[in-house]
Each structure stands twice: as structure tokens, then as C-alpha cells.
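Q: Here it is, the structure in full.
The values are calculated or read from the model by the stated rules, or taken from the named source; none is laboratory data. Everything numeric in this text was worked out from a predicted model, so none of it was measured. Neighbour counts run over all protein chains shown; Cβ positions are idealised from the backbone, glycine included. What goes into the accessible areas is simple: the full protein's heavy atoms, side chains included, and nothing from ligands, DNA or RNA. Shrake-Rupley method; radii C 1.70, N 1.55, O 1.52, S 1.80 Å.
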Amino acid sequence: MIKAFAEVESGGKSGFGSDGLPVIAYEGHIFRRLTKRLHDRHMRLSYVYLEKAGAQWKLNNRSHSVSWQTLRAAMELDANAALQSCSWGKFQIMGFNHKACGFENVLDFVMAMKTGEREQLMGFVKFCKSRSDLISAIMAKDFKKIACLYNGVNYGDCDKRMERSYKKHCNAASSSPKA
């Protein structure tokens, strides 16, 4: 199941870009909420949520380097809110979930996400353990509920992709030669 999460959330890629920085996705509607619309005049950075991965999201996250440029621009306005408004690493955990991942503040969370995939995995495990509803859904293999709890009610086809990935990894494990 952990492999399925990683594959769906980061497209099966590393939790890091070629520059050594974590893979991120900037969410301007989260920044807007956290800053109480204070920076709405910066329409690229603070915007209304219209649809999952809408036009503004795609513009801000069209590449790894653009995502980081967007984050840096938002940090000039409100660093704490900007860091909380990104999903981080191999499991794309939102920065505002830092406490559920075992970190007192978002900066400590970000530093851990920058350290390595092991820390990204440990943050993911702690996040899951903090949500008994998510653990129950994982144990029941309720992919719709998993997708909803992990990605929100507008989860797109995450449930179907998660189920396919999970089955693929289970089949690969069962066909592996036994030692």
C-alpha cells in the first residue's frame, strides 16, 4: 500500500528533483485561505479553488523549477503560509499537515522533507497513524475512502489509480521468487 501511495502521489518518481530539492506542488487556494485573502492581488499566488489541478495550478506547477519559483515568490509575501501551501516529497503531504507528521512547525517539516526519502516516508507513516479513519480505510482496502481522506472530496481518479497501483505491487510481490 505504501508503494501505491508513493506511485500515485509522485507519479512513481523520486521524492526529489534533479536539483536535489523535494518535489512540491504549490496550492494557491490554500495560501489564500491561510493568509485570509490578504494577498489576493497576487492572482498567481492566491486564488479561488475552481477545480482540481485547474489552470492556475497547472501554470504554477508546470515543472519542478516553476513550482519552486512559485513557492519562493509566495514566501516573500508570507513564508509560513507558503510552506504550508505546498505538498511535499514522494507522498505529497501538505505542509499544513506538519503536526500530524510529528513536527512542531512547518519549517521543521520542510527541513525533514529536504533531508531524504526516508524522512518523507517517516512523515507519511506518522501522518497515516494520526488518522484512525485513514488507517481503517487502508486496512479495508476502501480506495474511494482512502482517496477522499488523503486528497479531499475532489480526488479525481486517485481511487482508481491507487487500486491499480496496489494490485500491481501485490501481483509483483506474489510472483517474486521466494528465497
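Q: Which of the residues spanning region 51-68 are hydrophobic (A, V, I, L, M, F, W, C) and open to solvent by less than 50 Å² (accessible area, probe 1.4 Å)?
A: Of everything in region 51-68, those that are hydrophobic (A, V, I, L, M, F, W, C) and open to solvent by less than 50 Å² (accessible area, probe 1.4 Å) turn out to be A53, V66, W68.
Okay, residues lined up against (1) over 22 Å from G11 (Cα atoms); (2) assigned to a helix (DSSP H, G or I); (3) out of contact with any Leu (no Cβ under 8 Å at 6 or more places or on another chain); (4) not β-branched (V, I, T):
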residue: W57; (1), (2), (3), (4): no, yes, yes, yes
residue: T70; (1), (2), (3), (4): no, yes, no, no
residue: M75; (1), (2), (3), (4): yes, yes, no, yes
residue: E104; (1), (2), (3), (4): yes, no, yes, yes
residue: M113; (1), (2), (3), (4): no, yes, yes, yes
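Q: Out of all the residues in region 31-47, which are open to solvent by less than 100 Å² (accessible area, probe 1.4 Å), of a type outside the set (S, T, Y) and in contact (Cβ under 8 Å) with a residue 40 or more places away in the chain?
A: Correct list: F31, L34.
Q: Under 7 Å by Cβ, and 6 or more places apart or on different chains, what pairs join a residue from region 120-145 that is without any contact (Cβ under 8 Å) to a residue 60 or more places away in the chain and of a type in the set (V, I, T) with one that is open to solvent by less than 60 Å² (accessible area, probe 1.4 Å) and assigned to a helix (DSSP H, G or I)?
A: Note: pairs meeting the criteria are I135/C128.
Q: Another one. From the set of residues in region 13-30 that are open to solvent by 50 Å² or more (accessible area, probe 1.4 Å) and not hydroxyl-bearing (S, T, Y), which is nearest to L134 (Cα to Cα)?
A: For region 13-30, the residue satisfying everything is K13.
Q: Here's another thing I want to ask about it. Of all the residues that make up region 36-59, how many are on the phi > 0 side of the Ramachandran plot and at pLDDT 90 or above? I'd like the intermediate steps shown before the answer.
A: Our first condition is that a residue be on the phi > 0 side of the Ramachandran plot; within region 36-59, this holds for 36-37, 53.
When the remaining residues are screened for being at pLDDT 90 or above, the result is 36-37.
So the answer is 2.
Q: Counting only residues that are more than 13 Å from the chain's Cα centre (by Cα) and not aliphatic (A, V, I, L, M), which one in region 73-88 is most open to solvent (accessible area, probe 1.4 Å)?
A: The qualifying residue most open to solvent (accessible area, probe 1.4 Å) is E76.
Q: Working carefully through the options F96, F127, F91, find the one that is part of a helix (DSSP H, G or I) and open to solvent by less than 40 Å² (accessible area, probe 1.4 Å). Can you show your working first?
A: Working: F96 fails: open to solvent by less than 40 Å² (accessible area, probe 1.4 Å); F91 fails: part of a helix (DSSP H, G or I).
Being part of a helix (DSSP H, G or I) and open to solvent by less than 40 Å² (accessible area, probe 1.4 Å) holds for just one of F96, F127, F91, which is F127.
Q: Which condition number does A172 fail, the rest of (1) over 27 Å from E104 (Cβ atoms); (2) surrounded by 13 or more Cβ atoms within 10 Å (Cβ to Cβ) being met?
A: (2)
Q: Within region 136-152, can one find any residue that is small (G, A, S), under 15 Å from the mean Cα position of the chain (by Cα) and either under 16 Å from E9 (Cα atoms) or not in a helix (DSSP H, G or I) (or both)?
A: Within region 136-152 (the criterion being small (G, A, S), under 15 Å from the mean Cα position of the chain (by Cα) and either under 16 Å from E9 (Cα atoms) or not in a helix (DSSP H, G or I) (or both)), the answer is yes, since at least one residue qualifies.
Q: Which numbered condition trips up E51, out of (1) touching a residue at least 24 places away in the same chain (Cβ under 8 Å); (2) within 16 Å of V110 (Cα to Cα)?
A: Failed condition: (2).
Q: If you don't mind, another one. Given the conditions (1) part of a loop (DSSP other than H, G, I, E, B); (2) more than 15 Å from the chain's Cα centre (by Cα); (3) not hydrophobic (A, V, I, L, M, F, W, C), report the number of the one that K52 does not fulfil.
A: Only one criterion is unmet by K52, namely (2).
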